[in-house]
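A short worksheet on the structure shown next.
The values are calculated or read from the model by the stated rules, or taken from the named source; none is laboratory data. Only a predicted model underlies this, so the values are computations on that prediction, with no experimental measurement involved. Cβ coordinates were reconstructed from backbone atoms using ideal geometry, including for glycine residues, and neighbour counts include every protein chain displayed. SASA here: full protein model, heavy atoms, side chains in, ligands and nucleic acids out. Shrake-Rupley method; radii C 1.70, N 1.55, O 1.52, S 1.80 Å.
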Number of protein chains: 2
Amino acid sequence: MKQISLEIGSGGRLMQEFIRDKIVRVFNNRYLKPLHDAAFLPEGLALTTDSYTVDPIFFPGGDIGSLCVNGTVNDLVVSGARPEFLSLALIIEEGIDMPDLEKILLSIKKAATRSGVKIVTGDTKVVPRGQADRIYINTAGVGRLISRPQPERINPGDKIIVTGPVGEHGLAIMLARNNFRMSSKVRSDCAPLTFLLPLWKKGALWMRDITRGGLATVLSELADRLKHPLLVEEEKIPLSRAIRGAVEILGIDPLYLACEGRALIVAGEKEAAQILKYLKKNPASRQAAIIGEVQDRIGRPGEALLRTRSGGLRLLEPLTSELLPRIC
Amino acid sequence: MKQISLEIGSGGRLMQEFIRDKIVRVFNNRYLKPLHDAAFLPEGLALTTDSYTVDPIFFPGGDIGSLCVNGTVNDLVVSGARPEFLSLALIIEEGIDMPDLEKILLSIKKAATRSGVKIVTGDTKVVPRGQADRIYINTAGVGRLISRPQPERINPGDKIIVTGPVGEHGLAIMLARNNFRMSSKVRSDCAPLTFLLPLWKKGALWMRDITRGGLATVLSELADRLKHPLLVEEEKIPLSRAIRGAVEILGIDPLYLACEGRALIVAGEKEAAQILKYLKKNPASRQAAIIGEVQDRIGRPGEALLRTRSGGLRLLEPLTSELLPRIC
């Protein structure tokens, strides 16, 4: 590849290859190598970062402000860390309206308060008109480890849980761009996952927030790390009515649509039942479901398989090309 | 102000007001309030962040890669912290040449190795053509506190030290844009200030890296925090021959030009002499100089004064409007 293409930023296979070949190989160190959502630092700290370039900056269910807090908070939560401190760096395009900026800043404050994190340091850059698109935001997050993910303890029979309906953020952004001239009730699921923190003490072995690349990509990447294949049942994957309607009309696979407030959790059978009970009590995850399990009979190591509604088996590949750029 | 203007990003007075009124007031907390270059977290940690949007991305003396490491490293050093870990978040414009990106990544690695910091986590976003300008980079840095700056212990008679000639980064960027069709030997001073860390144990009371807004802005901001005015002597401020020549031709005040490898240090008279001795031994700061002192006879509290070569006194105001956007 001679030039960087949009696909590099899609969260899919090309991005994984880019990160492996161009980033990890260059900066090779033991903190970076595990490629989890956050780095585990000495003394029980975790550090993570994300830049947010979402377009449009205001969308049903959220805005770039709530997204830049929740996204980074969630990366810490699924890494086993309680989010504590955020940095906030703004790259603003000259000419953005002050009321829009103020609305975003208030949204950041509201989201930070909701998750119990403090914005402790920051940076502001302004670039000339035409050298950004309204505003890009970077947050880095520091959290305190409660427990470390234990993918090495995942075994056949362990259950795969999804904490709620998938695809809402991706579809909300897609429709907000109005490319399809379609009205819909779909709202982004953008929300903090801090309510999942107690699950690290209830037997969760692994968690991942479902973002770029969607559920299929997360499952495929997880399978890549395990000695055993994964199998999920299509009919068990929660989808909202609005998503069902829209994806049918548009012919989009909801398993590749991003979420910003959902996670995948793996736990032993007994623990999974307790975790599901806990999730169903929480309004943010009352549609949580066990969607499948780690296999020792069906599939080969490295594979994530989907049993379709018609009973067939489909291999879930990671997203390869960009569904839409600037989803988060 | 109804729209964000380029001046907000200049490091000058408008930026200070924006940060005070729109950021600190909204996110009001005890970590953010001191507005130092880094936030002081519990357990002796410091956190800082900066986004880098420099144009051009390659310039004499450095590139956006060395800049995004050294800038964040230096913010930690002047906050009294030994830099340990960096996050790295790339916002890449579709179409940037892979060899350019690889060159930048290697430059990041080299700079990180030189400063002894590890890149431990990251993020990659790609935005469509025309929605960024080649590449913007954010780094957040975590450091371990050696000592906390003690501006409250600064008293009349304390000395003001600058660690080397000022203005080189700003002028190098200005000339690299080729707006002046002028050739020059000026190179950016972009470099890590980690060699200053031992000075925290040698009596340094306060340090600040001289970046956007230049020496004049840093002095003016320092004076704003102190009970006593500052006085510096123009003839003692180190300037390289190349800078002297260029600023004369262009009619630019070098005191408002950014550096990326220089710091201002305040220390008591005795300690300042020892600090100067230490600095002069180091090749990176052999042109260090004591340029002035904290006053109790000349000026009023809050003032930073310059005694000009002709003997007059000039009040140093913080930069108010943008010299040039995207300097760092």
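Tabulated data for the structure shown
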read-out: Distance (nanometres) between label positions extended 7 Å along Cα→Cβ at B:Asn28 and A:Met1; value: 4.7 nm
read-out: Peptide B:95-104 - average C-beta neighbours from other chains (10 Å radius); value: 3
read-out: Dipole in debye (nearest 20) - the stretch B:151-315, about Cα centre, beta carbon charges: Lys, Arg +1; Asp, Glu -1; value: 440 debye
read-out: DSSP bridge orientation in the protein assembly as shown - percent antiparallel, rounded to nearest 5; value: 75 percent
read-out: Förster-model FRET efficiency, 35 Å R0, B:Asp253 and B:Arg225, C-beta, rounded to 0.05; value: 0.90
read-out: 13 Å Cα-Cα reach of A:Lys33 towards aspartates and glutamates, excluding residues that sit fewer than 8 places from it in its own chain; value: A:Asp21
read-out: Within chain A, percent of DSSP bridges classed antiparallel, to nearest 5; value: 75 percent
read-out: Solvent-accessible area lost in complex, 50 Å² minimum, residues of the stretch A:66-86 relative to chain alone, 1.4 Å; value: A:Phe85
read-out: B:Ser321-A:Lys185 FRET efficiency (beta carbon distance; Förster radius 45 Å; 0.05 resolution); value: 0.40
read-out: Span from the the stretch A:31-76 Cα centroid across to the the stretch A:196-251 one, whole angstrom; value: 18 Å
read-out: Residue (of B:Ile291, A:Thr139, B:Leu197) at the positive-pole extreme of the protein assembly as shown, dipole from beta-carbon charges; value: B:Leu197
read-out: Virtual spin-label span in nm between B:Arg300 and B:Asp21, 7 Å along Cα→Cβ; value: 2.3 nm
read-out: Straight-distance crosslink candidates among lysines, where the alpha carbon sits under 25 Å from A:Lys281 and sequence neighbours closer than 8 are dropped; value: A:Lys110, A:Lys159, A:Lys185, A:Lys201, A:Lys202, A:Lys236, A:Lys270
read-out: Accessible area (Å², per residue) of the stretch B:151-315, counting only protein heavy atoms and a probe of 1.4 Å; value: 44 Å²
read-out: Interface B:A - total buried accessible surface [probe 1.4 Å, Å², rounded to 100]; value: 6400 Å²
read-out: Other-copy label distances relative to B:Glu248, 7 angstrom Cα-Cβ extension, nm; value: 8.1
read-out: The protein assembly as shown, dipole about Cα centre (Lys/Arg Cβ +1, Asp/Glu Cβ -1), debye to the nearest 20; value: 1260 debye
read-out: Amide H partners (placed H, <5 Å) of A:Thr211, local residues excluded; value: A:Cys259
read-out: Within the stretch B:36-145, percent of DSSP bridges classed antiparallel, to nearest 5; value: 75 percent
read-out: In nm, spacing of pseudo-spin labels at B:Lys103 and B:Lys236 (7 Å Cα→C-beta vector); value: 4.2 nm
read-out: Shielding of B:247-260 by partner chains, average beta-carbon count, 10 Å; value: 0
read-out: 1.4 Å probe, heavy atoms, protein only - residues of the stretch A:47-61 losing at least 50 Å² accessible area vs chain alone; value: A:Leu47, A:Thr49, A:Ser51
read-out: Test item: Cα-centred dipole of the stretch A:127-182, Lys/Arg +1 and Asp/Glu -1 on Cβ, debye; value: 180 debye
